[in-house]
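Undergrad: Attaching a single structure in C-alpha cells format; questions to follow.
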Amino acid sequence: MAVGDNGLEQLISKMNNLEEKLQALEQTMKTNVENSMKEMEQSLQAKIKKVESNFETRMNVEEGSVQKAIKEKLTKLEDDRKTQMASVVARIQTMEDSLKKVRKETEVVIYIIMLNKPVFCNMSNLQRMSAIEDNTTSKLENLKNQSIDKIHQQETALSKTYQEKLQTELKRLAEKKNIDDIPVNPVSSCRQALNVSGIYMLQIGVNSKPFEVFCEQSKFEGGWTVIQHRFDGSVDFYRNWTDYRNGFGNLNGEFWLGLEHVHKMTKHQPHELLIEMKDFHGNYGYAKYGKFEIGAEFEMYMLKKLGTYSGTAGDSLGKNKDQYFSTFDRDNDIDARNCAEERHGAWWYWQCTDSNLNGHYSNITSNWNVMEWYFFKGDSRGMSYSRMMIRDIIN
C-alpha cells in the first residue's frame, strides 16, 4: 500500500528523529568513554598513592620483603587495569549494539520510502539520511579506535610513572638504609642477621641499647661486623679520642664503628678479627687473627687479646698486643714519641711501627704517615682500601 503525503512527512520526521538519536548516541559514547578513562586514571593514581604511603609508614621490612610486596602490588594493579579496560570495551560494545538497533530502524524507513515514493530516492532528504548513517558509523568506529588508543597511552604513561616512583623509592631506601630497613628484633650478632650484607640493629645483652652496624655476609662465610672501612679518603681519620671512642663516618661509606662498641662486643663474647686491604696497584691481602678483644676506656682500650695469625697480608699487628690505643690528644703508647701525632693516625701503637690503618689516605710509598700494613709488601706504601671486621666465635 502506497504512503500518502502525510505518511511521507511522518517518515521524514522519523528520519530527523533518528538523526537526533544518532547524534545523542555519539555524544553519550564520548562522555561515557571519557568518564571511564578518568575513573581508571583516578583509581590507578589512588593505588599509586596508597603504595607510596605504605612505603613511608611501613616499619622494619627487609629488602627482600619489599621486593615481594612491590611485585604483588604491580600484579594487582595490572589485574585492576585489565578489569577496567574490559569495562570500557563492554561499554563501547553496548553502544555499538544501540547503534545497530538505530541503523535497522533507519533501513526500515529507507525501505518504505523506496517502495512508496521512488522519486524520493533522489531527493536531498534521502541523501542526507544516508550520509548521516555513514557519517555516524564512521565516527563511531573512529571514536572506538581513538578511545582504545587513548586508554593504552594512559595505561603506558601511568605504568611508566609508577615504575619510576618505585625505582626512586627503592633507591632512596638503599641509599639511606634508615631504621625502616632494620628488622624489628635487633640481632645479638651478625651471624643472626639475614644472608644479605647491610645495616642491622645489634644489641649486646637484653639491657643494653641497640645500635646500628654493617654486617658483611658474603665474605669468609659471613657473619662479620665491620668496625673500620676505608676506600676513597672521603672521611678524615685524624681524629681525637672522643671521636674514636664514639665512632664516626657513615655505615654506607667510610667509618670507624667506635671503640666503646667494639669493647662491649668483644667483652660480652669471644671474637676473631679479619682485616682486608688493597694497595693502589690493586694487590689484595688479608690478615686473620683467631682471637680479638679490647679493654674498657679506663684501660685505654688496650688490645688485650690477639689470636694466631693466618692470611696473605703478613702479620703486622702481632707486636701490638697489650698496647693501649692512642690518638693525637691521648698519647698512651710506650714510645717516647707521640706516635698518633707523628704517624697522623690513631692505633694500638708499638714503637710507632708495622701498622697504621687509620693513617693518612695517600698513594705514597716510604712515608710513615700513610695508612700502612708493613708486611703486606715489606714497605710503608699507602693502602687504597682497608676493612676491619670482627665475628663472634662459636664453640
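The values are calculated or read from the model by the stated rules, or taken from the named source; none is laboratory data. Fair warning: this is a prediction, and the values are worked out from it, not measured in the lab. Here the Cβ positions follow ideal geometry from the backbone for every residue, glycine too, while neighbour counts run over all protein chains shown.
One line per residue, one yes/no per condition, for (1) under 24 Å from the mean Cα position of the chain (by Cα); (2) in a loop (DSSP other than H, G, I, E, B):
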{"residue": "GLY205", "(1), (2)": "no, yes"}
{"residue": "SER208", "(1), (2)": "no, yes"}
{"residue": "PHE214", "(1), (2)": "yes, no"}
{"residue": "PHE220", "(1), (2)": "no, yes"}
{"residue": "ILE227", "(1), (2)": "no, no"}
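Undergrad: Checking VAL235 against (1) in contact with a Cys (Cβ under 7 Å, 6 or more places away or on another chain); (2) farther than 18 Å from ILE390 by Cβ, only one condition comes out false. Which one?
TA: (1)
Undergrad: Related question: Which ones in the range 369-395 are hydrophobic (A, V, I, L, M, F, W, C), more than 34 Å from the chain's Cα centre (by Cα) and in a strand (DSSP E or B)?
TA: VAL370, TRP373
Undergrad: Give the range 312-327 a look and list any residue that's closer than 25 Å to ASP243 by Cβ and not aliphatic (A, V, I, L, M), or say none. Working first, answer last.
TA: Start the filter on the range 312-327 by keeping residues that are closer than 25 Å to ASP243 by Cβ, which leaves 316-317, 320-327.
SER316, ASN320, LYS321, ASP322, GLN323, TYR324, PHE325, SER326, THR327, listed by residue number.
Undergrad: For the structure I just gave you, tell me whether SER234 is modelled with pLDDT of 95 or more, part of a loop (DSSP other than H, G, I, E, B), within 30 Å of the chain's Cα centre (by Cα) and among the hydroxyl-bearing types (Ser, Thr, Tyr).
TA: Working: modelled with pLDDT of 95 or more: yes; part of a loop (DSSP other than H, G, I, E, B): yes; within 30 Å of the chain's Cα centre (by Cα): yes; among the hydroxyl-bearing types (Ser, Thr, Tyr): yes.
Against the criterion (modelled with pLDDT of 95 or more, part of a loop (DSSP other than H, G, I, E, B), within 30 Å of the chain's Cα centre (by Cα) and among the hydroxyl-bearing types (Ser, Thr, Tyr)), SER234 qualifies.
Undergrad: Which pairs turn up if I take residues in the range 326-344 that are more than 16 Å from MET371 (Cβ to Cβ) and look for partners that are surrounded by fewer than 16 Cβ atoms within 10 Å (Cβ to Cβ) and modelled with pLDDT under 95 with beta carbon separation below 6 Å, at least 6 apart in sequence or on another chain?
TA: Listed by first residue and then by second, the contacts come to ASP335/GLN351.
Undergrad: Any residue at all in the range 318-331 that's touching a Gly at 6+ places or on another chain (Cβ under 6 Å) and closer than 25 Å to GLU260 by Cβ? Talk me through it step by step, then tell me what you get.
TA: Restricting attention to the range 318-331, the residues satisfying the condition of being touching a Gly at 6+ places or on another chain (Cβ under 6 Å) are none.
Within the range 318-331, not a single residue is touching a Gly at 6+ places or on another chain (Cβ under 6 Å) and closer than 25 Å to GLU260 by Cβ.
Undergrad: Output the residue which, of all residues in the range 327-351 that are over 20 Å from GLU297 (Cβ atoms) and crowded, with 19+ Cβ neighbours inside 10 Å, is farthest from the chain's Cα centre (by Cα). So that I can check it myself, show each step before the final result.
TA: Residues of the range 327-351 that are over 20 Å from GLU297 (Cβ atoms), as a first pass: 335-337, 341-344, 350-351.
Then keep just the ones that are crowded, with 19+ Cβ neighbours inside 10 Å; that gives 343-344, 350.
Values: ARG343: 41, HIS344: 39, TRP350: 46 Å.
In this case the residue turns out to be TRP350.
Undergrad: Looking at SER366, SER362, can you tell me which residue is more than 41 Å from the chain's Cα centre (by Cα), over 30 Å from GLY222 (Cβ atoms), surrounded by fewer than 19 Cβ atoms within 10 Å (Cβ to Cβ) and of a type in the set (Gly, Ala, Ser)? Steps first, please.
TA: On the way: SER362 fails: more than 41 Å from the chain's Cα centre (by Cα).
SER366 is the lone residue from the list that is more than 41 Å from the chain's Cα centre (by Cα), over 30 Å from GLY222 (Cβ atoms), surrounded by fewer than 19 Cβ atoms within 10 Å (Cβ to Cβ) and of a type in the set (Gly, Ala, Ser).
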